[in-house]
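Peer 1: First, the structure itself, so that you have it in front of you.
The values are calculated or read from the model by the stated rules, or taken from the named source; none is laboratory data. If you're wondering where the values come from, they're calculated on a predicted model, not measured in any experiment. Note: ideal-geometry Cβ built from the backbone for every residue, glycine included; neighbour counts use all protein chains shown. Ligands, DNA and RNA are stripped out before the accessible areas are found, and what is left, the full protein with its side chains, is counted by its heavy atoms. Shrake-Rupley method; radii C 1.70, N 1.55, O 1.52, S 1.80 Å.
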Amino acid sequence: MSKLGNLGARLHRGEISYDFVGHRKIWYGVSILITITAILGLAVRGLNMGIEFKGGAVFTTPTHMSTSVTQAETFAKEASGHAAIVQKLGNGSLRIQIAGLDTGKSDQIKQTLAKDLSIDPEKLAADLVGPSWGQQIANKAWEGLAIFMVLVVIYLAIAFEWRMAVAALVALIHDITITTGIYALVGFEVTPGTVIGLLTILGYSLYDTVVVFDSLKEQTKDITKQTRWTYSDIANRSINGTLVRSINTTVVALLPVAGLLFIGGGFLGAGTLNDISLSLFVGLAAGAYSSIFIATPLVADLKEREPQMRALKKRVLAKRAQSAAEEELPGTRSVHGDEDEDAAPAVVGPRSQTASRNRGRGRPSGKRR
């Protein structure tokens with residue numbers, strides 16, 4: 001078995017673990033800091049909305065243009081009176097994007113731009129987008145996002161419980177805020193491809209969260225019938241038990257997305273790949289983080305506000321304090337030890353497994369001599 005597989009098996013059996021839930025205030029603080037930074041980026045710089053949302057025109061030149069990007073930006077601004085975004089594509093052609101352009105003047109601008117670039121106007125491709133169509137696309141995107149959120153909350157509330165639905169919703173909002181904030185800080189253009197990528201990463205984030213929630217639901221059955229584990233203890237075991245699986249799925253998903261972003265968009269100059277690849281890359285990383293560090297610890301916080309869970313935590317802590325005191329006094333023994341072992345749920349660690357194997361040793365077998 002590989003080292004990573006062995007680590008995952010030991011985490012699943014509870015032989016080793018990291019206290020994610022116990023350090024939840026640190027993760028909350030980190031998430032709040034990142035979220036504030038993202039919100040400030042949105043407030044100060046705003047999103048660079050594409051022409052699909054603002055309206056305008058996109059002119060594409062023939063391949064192997066000798067004109068530089070800076071020169072093309074100057075020509076486009078002089079011809080249209082608007083600022084232009086120019087990208088050099090992998091085949092050597094230029095993509096000139098002019099937002100907020102009156103489509104009625106597009107033919108005149110095309111002729112002027114072709115003259116400045118020293119090319120035949122017929123070879124300068126033009127795509128026009130009206131502002132009303134862009135506004136309709138934006139409204140549909142918001143509607144789709146709202147419907148997705150509502151369906152997620154309803155499903156999780158039915159399949160699990162409302163506390164898990166609330167925690168998953170907070171995690172999804174956390175992922176959306178961070179991804180859009182990164183877009184504002186980096187300055188990448190927001191296009192319909194960006195919206196598609198955003199909805200895609202919400203599905204990935206929800207998948208990781210549901211995997212942990214399913215394990216948590218299974219392990220917390222009849223939790224109040226034992227006094228060895230608090231709800232936070234079992235929540236922490238659920239995270240550790242699915243940790244390697246979450247890491248593996250996230251890394252496998254990030255590798256091809258990184259290829260699209262850094263190789264396709266960076267080296268090959270395929271600017272259209274940036275629209276979807278950045279949202280996928282940032283969103284997948286943020287989704288994996290929120291599933292482990294935000295959603296499950298938040299569920300533990302909400303659950304331990306219940307009277308039953310508060311009483312259970314009080315009993316567990318009292319028993320642990322009693323056991324610690326008895327260990328300091330040799331010769332004492334808890335009269336509730338066997339009862340608690342039998343009442344413990346399926347989240348038994350290596351200590352109890354050793355006790356189970358040793359049970360019965362040293363006793364007479366009952367065989368007559």
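Peer 1: Pairs needed: first member in segment 208-226, over 16 Å from W162 (Cβ atoms); second member anywhere, open to solvent by 10 Å² or more (accessible area, probe 1.4 Å) and basic (K, R); C-beta distance under 9 Å; at least 6 residues apart or different chains.
Peer 2: Final answer for the pair search is D208/R245; V211/R245; S215/R237; Q219/R237.
Peer 1: Out of (1) at pLDDT 85 or above; (2) part of a helix (DSSP H, G or I); (3) not basic (K, R), what's the single condition that is false for I119?
Peer 2: (2)
Peer 1: In addition: Examine segment 140-149 for a residue that is more than 33 Å from the chain's Cα centre (by Cα) and among the hydrophobic types (A, V, I, L, M, F, W, C), and state whether such a residue exists. Don't jump to the end; show me each part of the working.
Peer 2: Pass one, segment 140-149, residues more than 33 Å from the chain's Cα centre (by Cα): none.
No, the conditions are met nowhere in segment 140-149.
Peer 1: So, one more: Restricting attention to segment 63-86, which residues are of a type outside the set (D, E, K, R) and within 25 Å of S132 (Cα to Cα)?
Peer 2: Within segment 63-86, A76, A79, S80, G81, H82, A83, A84, I85, V86 qualify.
Peer 1: Filter segment 202-231 down to the residues that are over 19 Å from the mean Cα position of the chain (by Cα) and acidic (D, E), then identify the one that is least open to solvent (accessible area, probe 1.4 Å).
Peer 2: Top of the filtered list is D222.
Peer 1: Now a separate question. Criterion first (at pLDDT below 85 and either part of a helix (DSSP H, G or I) or within 15 Å of the chain's Cα centre (by Cα) (or both)) does G287 satisfy it?
Peer 2: no
Peer 1: Might you let me know whether segment 201-220 holds any residue that is out of contact with any strand residue (DSSP E or B) (no Cβ under 9 Å at 6 or more places or on another chain), farther than 25 Å from K54 by Cα and part of a loop (DSSP other than H, G, I, E, B)?
Peer 2: yes
Peer 1: OK, next. Which residue, of A157, A167, A126, is more than 18 Å from the chain's Cα centre (by Cα) and in contact (Cβ under 8 Å) with a residue 40 or more places away in the chain?
Peer 2: Values: A157 fails: in contact (Cβ under 8 Å) with a residue 40 or more places away in the chain; A167 fails: more than 18 Å from the chain's Cα centre (by Cα).
Answer to the selection: A126.
Peer 1: Being open to solvent by less than 60 Å² (accessible area, probe 1.4 Å) and modelled with pLDDT of 85 or more is the filter here; which residues of segment 126-147 pass it?
Peer 2: Hit for segment 126-147 is A146, nothing else.
Peer 1: For segment 304-314, name all the residues that are open to solvent by 20 Å² or more (accessible area, probe 1.4 Å) and in a helix (DSSP H, G or I).
Peer 2: Selection gives P307, Q308, R310, A311, K313, K314.
Peer 1: Of all residues in segment 145-203 being touching a Leu at 6+ places or on another chain (Cβ under 6 Å) and among the small types (G, A, S), which is farthest from F213 (Cα to Cα)?
Peer 2: A184
Peer 1: Is it true that I234 is β-branched (V, I, T), within 17 Å of D175 (Cα to Cα) and either in contact (Cβ under 8 Å) with a residue 24 or more places away in the chain or surrounded by 16 or more Cβ atoms within 10 Å (Cβ to Cβ) (or both)?
Peer 2: So I234 does not fit the description; no.
Peer 1: I would also like to ask the following. What helices (runs of 4 or more DSSP H), lying completely within segment 1-112, carry at least 1 residues that are open to solvent by less than 70 Å² (accessible area, probe 1.4 Å), within 30 Å of I178 (Cβ to Cβ) and at pLDDT 85 or above?
Peer 2: Once the helices (runs of 4 or more DSSP H) in segment 1-112 are filtered for at least 1 residues that are open to solvent by less than 70 Å² (accessible area, probe 1.4 Å), within 30 Å of I178 (Cβ to Cβ) and at pLDDT 85 or above, what remains is 24-44.
Peer 1: Ok, one more. Filtering segment 245-260 down to residues that are open to solvent by 20 Å² or more (accessible area, probe 1.4 Å) and among the aliphatic types (A, V, I, L, M), which residue is nearest to S290 (Cα to Cα)?
Peer 2: By that ranking, first place goes to I247.
Peer 1: Moving on to the next point. If you take the residues of segment 183-201 that are within 20 Å of A84 (Cβ to Cβ) and open to solvent by 40 Å² or more (accessible area, probe 1.4 Å), which of them is modelled with the highest pLDDT?
Peer 2: Restricting to residues being within 20 Å of A84 (Cβ to Cβ) and open to solvent by 40 Å² or more (accessible area, probe 1.4 Å), the top hit is V186.
Peer 1: Then there is this: Filter segment 122-162 down to the residues that are in a helix (DSSP H, G or I) and in contact with a Gly (Cβ under 6 Å, 6 or more places away or on another chain) and list them by number.
Peer 2: Passing the criteria: P131, G134.
Peer 1: Sticking with this structure for a sec: Collect the residues in segment 127-179 that are out of contact with any helix residue (DSSP H, G or I) (no Cβ under 7 Å at 6 or more places or on another chain) and aromatic (F, W, Y), keeping them in residue-number order.
Peer 2: W133, W142, Y155, W162
Peer 1: Within segment 228-273, how many residues are touching a Leu at 6+ places or on another chain (Cβ under 8 Å), farther than 21 Å from A285 by Cα, modelled with pLDDT under 85 and in a helix (DSSP H, G or I)?
Peer 2: 1
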